[in-house]
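**Q** Dumping the structure here so I can ask a few things about it.
The values are calculated or read from the model by the stated rules, or taken from the named source; none is laboratory data. A quick note: this is a predicted structure, and the numbers were derived from the prediction, not measured. For neighbour counting, all protein chains shown are included, and Cβ atoms are generated from backbone atoms with ideal geometry for every residue, glycine included.
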Amino acid sequence: MRLALLAATAAISTAVLILLSVSSPVGADDTSIGVDADPTGNTATGLGTIDSCVEVATGDTFQVDIFVRDVTDLLAWSADLQTDPEIVQIVDRDVELFQAANEGSNVFDGSQPTPDGDGSYSLSAVDTADPESPDSGSGILARVTIEALAAGVSPLVLAFSDVDDDGTIDRGPFLRDVNAEPIGDDNGDTFFDGDIDDAQVAVDTPCPVGGDDDDLSVWVIVAVVLGAAAALAAIGIAAIVLRGRRPSAA
């Protein structure tokens, strides 16, 4: 019976550790960027639930958000959004959101013209306000409008690329602060090295299994809680059995 108690206690400890790892990821306080496949709940300076996949139909026009989380003194940024040009095409973008929120902001849009048909669309913006008006916090760097062309699953990736095939990254997401210093560059190549959340769009087909990380996290948490409850129940049953076996007083 003692083994049963020890096993149940270990199960609870494991469940708690898993729950903490799911709900409080390492590096949660660091700057991160990514693609939110469904902008519902997002504002210029606030993020709702981040969705890793959205389902649409051929001919639909829909929007996705390029977001930043927990940034300090952002002044300029750039990123290449990679898609499958056989499935979707980018038809518009709006970069006057997070960076335009401060009073006196003057956001210059350096993004490529639209529509884009080659599957790699360059987005960029810089706040040219004088005096400088950097932005801190979380919000939407760009809201991108996309048209669904054909059935299939297209990536929505903030891509790194080796343009000249020399083994060195030439293009990738980067963020600059008010002092023109790169944000989140850990290896000195100027590109962003922090967490990046990519996404997908499923046209005329369901999102791939596990394509919505937020839903997956919810189910993991539910499973952990249920496991902990079962372990607690096992301890209770074991305690009752032990009391039932206690020798009677002479």
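**Q** Take the residues in segment 194-214 that are modelled with pLDDT of 95 or more, among the charged types (D, E, K, R) and surrounded by fewer than 18 Cβ atoms within 10 Å (Cβ to Cβ); name whichever of them is nearest to residue 56 (Cα to Cα).
**A** Ranking the qualifying residues of segment 194-214, first place goes to 204.
**Q** Among (1) basic (Lys, Arg); (2) over 16 Å from residue 177 (Cα atoms); (3) surrounded by fewer than 21 Cβ atoms within 10 Å (Cβ to Cβ), there is one condition residue 69 misses while meeting the rest; what is its number?
**A** Here residue 69 clears every test but (2).
**Q** Looking only at segment 61-91, which residues are in contact with a Phe, Trp or Tyr (Cβ under 8 Å, 6 or more places away or on another chain) and acidic (Asp, Glu)?
**A** The answer is 80, and nothing else.
**Q** Test residue 27 against the stated conditions and say whether it is modelled with pLDDT of 95 or more and among the small types (Gly, Ala, Ser). Don't jump to the end; show me each part of the working.
**A** Numbers: modelled with pLDDT of 95 or more: no; among the small types (Gly, Ala, Ser): yes.
Here the answer is no, as residue 27 does not meet what is asked.
**Q** Could you please let me know if residue 92 is under 23 Å from residue 106 (Cα atoms), free of Cβ contacts under 8 Å to residues at least 60 places away in the same chain and either surrounded by fewer than 24 Cβ atoms within 10 Å (Cβ to Cβ) or acidic (Asp, Glu) (or both)? Step through it out loud before you land on a result.
**A** Details: under 23 Å from residue 106 (Cα atoms): yes; free of Cβ contacts under 8 Å to residues at least 60 places away in the same chain: yes; either surrounded by fewer than 24 Cβ atoms within 10 Å (Cβ to Cβ) or acidic (Asp, Glu) (or both): yes.
So residue 92 fits the description; yes.
**Q** Further question on the same structure: Of the residues that sit in segment 139-178 and are at pLDDT 95 or above and of a type in the set (S, T, N, Q), which one is nearest to residue 199 (Cα to Cα)?
**A** If we take residues in segment 139-178 being at pLDDT 95 or above and of a type in the set (S, T, N, Q), then 154 is nearest to residue 199 (Cα to Cα).
**Q** Would it be correct to say that residue 163 is hydrophobic (A, V, I, L, M, F, W, C) and free of Cβ contacts under 8 Å to residues at least 40 places away in the same chain? Break it down into steps so the answer makes sense when it comes.
**A** Values: hydrophobic (A, V, I, L, M, F, W, C): yes; free of Cβ contacts under 8 Å to residues at least 40 places away in the same chain: yes.
Yes, satisfied.
**Q** Related question: Only residues that are part of a strand (DSSP E or B) and among the β-branched types (Val, Ile, Thr): list them for segment 84-113, please. Before you say what the answer is, go through the steps one by one.
**A** Filtering segment 84-113 for residues part of a strand (DSSP E or B) gives 88-94, 107-109.
Once the filter is applied, which keeps residues that are part of a strand (DSSP E or B) and among the β-branched types (Val, Ile, Thr), segment 84-113 yields 88, 90, 91, 107.
**Q** Continuing with the same structure: On the given criteria, is residue 133 in contact with a Leu (Cβ under 8 Å, 6 or more places away or on another chain) and without any contact (Cβ under 8 Å) to a residue 40 or more places away in the chain?
**A** Details: in contact with a Leu (Cβ under 8 Å, 6 or more places away or on another chain): no; without any contact (Cβ under 8 Å) to a residue 40 or more places away in the chain: yes.
Criteria not met by residue 133.
**Q** Still on this structure: So is residue 136 of a type in the set (Ser, Thr, Tyr) and at pLDDT 95 or above or not? Break it down into steps so the answer makes sense when it comes.
**A** On the way: of a type in the set (Ser, Thr, Tyr): yes; at pLDDT 95 or above: yes.
It is true that residue 136 is of a type in the set (Ser, Thr, Tyr) and at pLDDT 95 or above.
**Q** Another question about this same structure. Condition first: without any contact (Cβ under 8 Å) to a residue 24 or more places away in the chain and either over 23 Å from residue 46 (Cβ atoms) or among the polar types (S, T, N, Q) (or both). Now tell me which residues in segment 109-129 satisfy that.
**A** Residues of segment 109-129 without any contact (Cβ under 8 Å) to a residue 24 or more places away in the chain: 109, 112-113, 128.
Passing the criteria: 112, 113, 128.
**Q** Conditions: (1) touching a helix residue (DSSP H, G or I) at 6+ places or on another chain (Cβ under 9 Å); (2) at pLDDT 90 or above; (3) not in a loop (DSSP other than H, G, I, E, B). Residue 16 meets all but one. Number of the miss?
**A** (2)
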